[in-house]
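Taking it in order: structure first as structure tokens, then the write-up.
The values are calculated or read from the model by the stated rules, or taken from the named source; none is laboratory data. For clarity, every value in this text was computed on a predicted model and none was experimentally measured. We place every Cβ from the backbone using ideal geometry, glycine too, and count neighbours over all the protein chains shown. Keep in mind that these areas ignore ligands, DNA and RNA; they rest on the heavy atoms of the full protein, side chains included. Shrake-Rupley method; radii C 1.70, N 1.55, O 1.52, S 1.80 Å.
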Amino acid sequence: RDDGKKRCEAVALLLRSAFRKNEFMCRDSEDSIVFLCRFMNALIQDGVGGDESSLELAKEVFVQILNDVFDDFDALLFAHENAVFYKNTAIVLNAFIEFERFYLSVAPSLKSASSERVSMTIKKDRKPITQKIRRNPDEIVL
């Protein structure tokens, strides 16, 4: 499995909490948006129940992991040509994330575009590949 930087950070935050991942019920990686949103929900519910450390951990999860991801995710979701229904979802997600940043006093991420998206843009702007003329090196006269 891919043990990238963000997954290792997410696992470290998960281990600091009282919650553990059930491998049989949850097949998502620790750095997937689905898992992190469920984890945040559990932390916030635990924090509303009186555990202040869960609320602090929820803020750390948002600041260290989710804040970097949501702007790119939201922009790609809104810009996709086949995402007719999900454009409205992207608008609601953007409003939710802005409120979360305001509530937690967190600045938007300054992360630049991922190298994969940059390379896809470069590939899109390239001229089409043309077949080069094959020459016999023996025909070249100096």
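Observations on the structure shown:
- Unit charges on C-beta of K, R, D, E only; dipole of the chain, Debye: 780 debye
- Here the Karplus relation 6.51 cos²θ - 1.76 cosθ + 1.60, evaluated at θ = phi - 60°, turns the backbone of the range 98-109 into coupling constants of 4, 5, 4, 5, 5, 5, 8, 6, 10, 7, x, 5 Hz, with x for every Gly and Pro.
- Solvent exposure of the chain, expressed per residue, is 79 Å² of accessible area, with all protein chains present and a 1.4 angstrom probe.
- 3J(HN,Hα) from dihedral phi, the range 54-64, Karplus parametrisation 6.51/-1.76/1.60, rounded to Hz, x for glycine, proline: 5, 5, 5, 5, 4, 5, 5, 4, 5, 5, 7
- The chain, accessible surface, carbon-and-sulfur percent (1.4 angstrom probe): 59 percent
- Mean Cβ neighbour count within 10 Å, used as a protection proxy, ranking 65-78, 16-29 highest first: 65-78, 16-29
- Coupling constants for the range 23-30 follow from the phi torsions by the Karplus curve (6.51 cos²θ - 1.76 cosθ + 1.60, θ = phi - 60°), and in residue order they are 4, 7, 8, 10, 9, 6, 6, 5 Hz; glycine and proline get x.
- Relative contact order (percent, whole number), the chain, Cα cutoff 8 Å, 6+ residue spacing: 16 percent
- For log10 I(q)/I(0) by the Debye sum over Cα atoms at q = 0.09, 0.12, 0.17, 0.21 Å⁻¹, calculated from these coordinates, the label among [x] -0.39, -0.64, -1.02, -1.25; [y] -0.34, -0.54, -0.92, -1.23; [z] -0.41, -0.63, -1.09, -1.40: [z]
- The loop-placed GluC sites (Glu not before Pro) in the range 37-108, going by DSSP, that have at most 10 neighbouring Cβ atoms within 10 Å of their Cβ come out as 81.
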